[in-house]
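Everything on this sheet refers to the single structure shown next.
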There are 2 protein chains.
Amino acid sequence: MPSTCDRILAAALAGFARRGVEATSLDDVADAVGVRKQTILYWFGSKDALVAGVVTAAVAELGDALDRAVASPRPGRPPTVAVVDEVLRLGARRPDLLVLLREVTRVGPSATGSLAESIAPRLDGAARALAGPDSGPVERERARRRLLEAGAHVIATAVEAELLTELGVAPDRAWLRRRRADLLAALAR
Amino acid sequence: MPSTCDRILAAALAGFARRGVEATSLDDVADAVGVRKQTILYWFGSKDALVAGVVTAAVAELGDALDRAVASPRPGRPPTVAVVDEVLRLGARRPDLLVLLREVTRVGPSATGSLAESIAPRLDGAARALAGPDSGPVERERARRRLLEAGAHVIATAVEAELLTELGVAPDRAWLRRRRADLLAALAR
DNA sequence: CCATCTCTCTACCAAGTGGTAGACAGGCTC
DNA sequence: GAGCCTGTCTACCACTTGGTAGAGAGATGG
C-alpha cells in the first residue's frame with residue numbers, strides 16, 4: 001500500500017484533472033483516499049500547497065518518462081520520434097497527467113507559478129540541448145519558445161482526445177495515427 | 001443597453017469560459033452584471049438552466065457565423081477554407097465562445113446533454129450536406145463523426161492558444177498560419 | 001516508565017454556495 | 001381606481017467550503 005501522502009497526491013491528481021481544481025474539494029479528495037480532510041491538511045498545509053504538490057509530482061513523472069525515452073536511443077529512430085511516441089503512450093496510459101497541466105493554468109497565478117517553477121529546470125535543460133551547447137541567449141530563448149509551443153500542442157491534443165470521448169466519439173486508431181503525424185510535423189518544423 | 005437577460009448571458013459566458021462553470025458562482029455573474037443573484041434566478045430558474053442558456057446562445061452564435069461564411073461564397077475559395085477562416089476570425093474575436101464548449105463538457109451530464117441538444121440540429125444539417133442528399137445512414141453517421149472530430153480539433157486549437165497565452169508565450173502570426181494550415185489539412189483529409 | 005514525535009481523528013468556525021419566500025415599484029388592462 | 005404582470009430587490013435557509021484547535025493512538029528512544 002502506497003503511503004498516505006502518495007495516495008492523496010494520486011486522488012487529487014485524478015480529481016483536479018477530471019473535474020477541475022476549484023470544483024474538487026478537499027473533502028472529495030479525502031473521501032477518495034478514505035481519510036479525513038484534516039489528514040490532507042496535515043500533509044499539505046493548504047489547498048494551494050496540495051495543488052503545487054500535485055503539479056510538481058506530475059511534472060516529475062512526465063519529465064522522467066521523457067528523459068528515459070531520450071536516454072534509450074534505438075537505431076533509426078530519431079529522439080523526436082521517441083519523445084512523441086513516449087508522450088502518446090503516456091497520454092494513453094495516464095491521460096490525467098496531461099490534462100492536469102492545462103487545468104492548473106486556469107486556477108490563478110499561484111498554481112501557474114508553481115507549474116512554471118516545476119518546469120523551469122527541465123525546460124532550460126531541454127532548450128540548451130535543442131539550441132546546442134555553445135548557443136547564445138537569443139537562440140536559447142527561441143528554443144524555449146518552440147518547446148513551449150510543442151508542449152502546448154501536446155496538451156491540446158490530450159484535451160482533444162478527452163473532448164472526443166466526452167462527445168461519445170472515442171478516438172480510434174486512425175485518429176491517433178493522424179495526431180502522431182501532426183505532432184511529428186509540428187516538431188520537425 | 002442590452003436587456004438584462006442578454007447581459008447575464010454575456011457575463012456568464014465570460015466567467016464560465018475563463019474560470020470554469022463550477023468555479024463561477026451566481027454571485028460572481030451577478031456582480032459582473034451589476035445586479036443581484038436573485039435577478040439571475042428570475043431569468044434562469046437555476047444554475048443548470050443558466051449553463052444551458054449560455055450553451056444554447058454560444059452554439060447559436062457560432063452556428064450563425066458558420067452559416068454566413070458558407071452562404072457567402074467567394075470565387076476561388078472553397079467552403080472549407082471559408083469555414084476555417086471564419087472560425088479563426090471568431091476565435092480571435094471571441095475566444096471564450098470556443099473555450100466554453102470545452103468547459104461545459106466537464107461539468108456533468110446535464111450540461112453535456114444541453115450541448116448535445118443545442119448542437120444536434122446543426123450537426124444533422126451539416127452531416128447531410130457533407131454526405132450528400134441521397135446518402136445512406138452509414139455515410140451520414142461517418143460524416144457526423146468527421147464533423148465532430150473537426151469541431152474537437154478546432155476547440156483544442158482554441159484551448160492551445162489560451163494555454164500559450166497563459167504560459168506567457170502569446171501566439172504570434174506564424175503560429176496562427178501553421179494552425180490554419182493544420183486545420184485545412186485535417187478537414188481535407 | 002516517561003517523553004516525544006508522527007499521524008489521524010473529532011469538533012468547530014467564518015465565509016460562501018445555490019435556492020426559496022416574499023415585499024415592492026412600475027406599467028398594463030379592465 | 002382595482003387588479004394583475006413584470007422585474008428587481010432584501011432577507012433568509014440549509015449546505016459546503018477551506019481552515020483552526022486540540023485530543024488521542026501508537027511507535028520510538030532515553
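Just so you know, all these numbers are worked out from the coordinates, no wet-lab data involved. Here the structure is a predicted model, which means the values were calculated and not measured. Counting neighbours? That spans all protein chains shown, and the Cβs are built from the backbone with ideal geometry, glycine included.
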Percent of Cα-Cα distances greater than 18 Å, calculated over the range B:1-72: 38
Spin-label model distance (nm) - B:Val138 vs B:Arg77, 7 Å beyond Cα toward Cβ: 3.8
Local electrostatic count, B:Ala65, Cβ distance below 15 Å [Lys/Arg +1, Asp/Glu -1]: -1
Under 12 Å, Cβ to Cβ, from A:Asp27 - net charge with Lys/Arg +1 and Asp/Glu -1: +1
Cα long-axis angle, helix A:47-71 against chain A (0 to 90 degrees, to the nearest 10): 30
The protein assembly as shown shape via C-alpha gyration tensor axes, a/c threshold 1.5: oblate
Under 16 Å from B:Lys37, Cα to Cα: lysines that are on another chain or at least 8 residues apart: B:Lys47
Top of A:Ala12, A:Ala131, A:Ala60 by mean-square fluctuation, Gaussian network on chain A, Cα under 10 Å: A:Ala131
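How do B:Arg122, B:Arg173 rank when sorted from fewest to most other Cβ atoms within 10 Å of their own Cβ?
Arranged by neighbour count, lowest to highest, B:Arg122, B:Arg173 become B:Arg173, B:Arg122.
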Pseudo-label separations to other copies for A:Gly108 - Cα-to-Cβ vector, 7 Å, nm: 2.4
Radius of gyration and Dmax over the Cα atoms of chain A, both given in Å: 17.8, 53
Per-bin percent of Cα-Cα distances, the range B:115-189 [5 Å]: 3, 15, 19, 19, 14, 12, 10, 5, 2, 1
Total charge dipole magnitude, the range B:4-188, about the Cα centre, Cβ charges on Lys, Arg, Asp, Glu only, Debye to nearest 20: 480
Shielding score for B:158-165, defined as the mean number of other chain Cβ atoms within 10 Å: 6
Shielding by other protein chains, B:176-185, mean Cβ within 10 Å: 2
Between helix A:4-19 and chain A: long-axis angle, C-alpha atoms, 0 to 90°, nearest 10: 70
Residue-averaged [θ]222 nm for the protein assembly as shown, counting only DSSP H segments that reach four residues, each worth -39500 (n - 2.57): -26500 deg cm²/dmol
Partner chain coverage, peptide B:10-19 - average Cβ within 10 angstrom: 1
5 Å binning of all Cα-Cα separations within the range A:102-158, expressed as whole percents from 0 upward: 4, 20, 21, 23, 18, 9, 4, 1
